[in-house]
Amino acid sequence: MTAPGLQIGSPVGVIAGGGVLPFAIADSMQARQITPLLIGLRGFCDPSGIARFRHHWISIGQYGRLKRLLRAEHCRDVMFIGSVVRPSLASVRLDWGAVRVLPSVMAAYRGGDDHLLTSIGRIFEGEGFRLHGVKDVAPELLMPRGELTRAAPDEGHLADIAKGIAVLAALSPFDIGQGVIVIDGHVVAVEDIGGTDALLANLARLRAQGAIHAKPGRGVLVKSPKSGQDLRFDLPTLGPRTVEGVAAAGLAGIAVAAGNTLVAEPQETIKAADAAGLFVTGVPA
């Protein structure tokens, strides 16, 4: 349900990056009688996925075009969803609408990713748009508290989870990442700009090279948003691909912040985790 007092109009403009989440969000909106209008980011959004919905395309830097499209479609309510690699300024082709807000964008680039996203959000709000997050339009896609899987963490795993949450909280001010791997009390890897997939792939390589001495089936991937992060833009995400990476890395399971983590393709995620004997649990951040 929508939060008390929160008004969401229809249609809602969904600025869509990569991955399946924009389409899962759009399906959820339709089930709740909210019309999604997808604005696909060229080079990121999947053309085959967006084709199922009313949509338009823009390139990074076409802020003026985006505003015109949203207003022509009577979209006052907007959300951002999907993966986008932070572009270099040299690769961005600005239209006149973007040139007008360029000083604000340049200032945003001088901060970390959280600062950039929040600053872009303020630009939109200054134009009269209302920004929403997944909690507002598709709360059923958020991770619940407790286990989703048949397997559950043991006492050792719970200790690793607690340590992972503490590490992420300590790293939050540095805007580094949203994931950490802890094995038997040892922090063995921290997510960086490469993201969770790269984190897990690197751990699998280290294990194959004999650098990880813990037996397979120990250790936990812990994911949680950074403190102070604007949750309308960038929630940690869990999906079948994450499960595959955790299994390949020889870990025991995944713990994510309940209520603040997106679960992409939940049925497939649970099925994959059960098949691999992994636990997936939602914990208080």
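What the table below lists for this structure:
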quantity: Cut-off under 5 Å, modelled amide H: who pairs with Gly253 long-range; calculated: Leu221, Phe279
quantity: Neighbourhood net charge (15 Å Cβ-Cβ; Lys/Arg +1, Asp/Glu -1) for Val187; calculated: -1
quantity: Hz values of 3J(HN,Hα) by residue in the range 270-285 - Karplus curve (6.51, -1.76, 1.60), Gly and Pro given as x; calculated: 5, 4, 5, 5, 4, 5, 8, x, 9, 9, 10, 9, x, 10, x, 6
quantity: Qualifying lysines (Cα of each under 19 Å from Cα of Lys163; at least 8 residues distant if same chain); calculated: Lys223, Lys226
quantity: Total formal charge among the other residues, if their Cβ is under 15 angstrom from that of Asp160, Lys/Arg +1 and Asp/Glu -1; calculated: +1
quantity: Cut-off under 5 Å, modelled amide H: who pairs with Gly259 long-range; calculated: Met143
quantity: In Hz, Karplus ³J(HN,Hα) per residue of the range 17-26 (6.51, -1.76, 1.60; θ = phi - 60°; x = Gly, Pro); calculated: x, x, x, 8, 4, x, 7, 5, 5, 4
quantity: For the range 162-275, convex hull volume per residue from C-alpha positions, Å³; calculated: 99 Å³
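A short reminder: the numbers here are calculations on the coordinates, not readings from a lab. The model shown is predicted, which means the values in this text are computed figures rather than measured ones. Ideal geometry is used to build each Cβ from the backbone, glycine not excepted, and the neighbour counts take in all protein chains shown.
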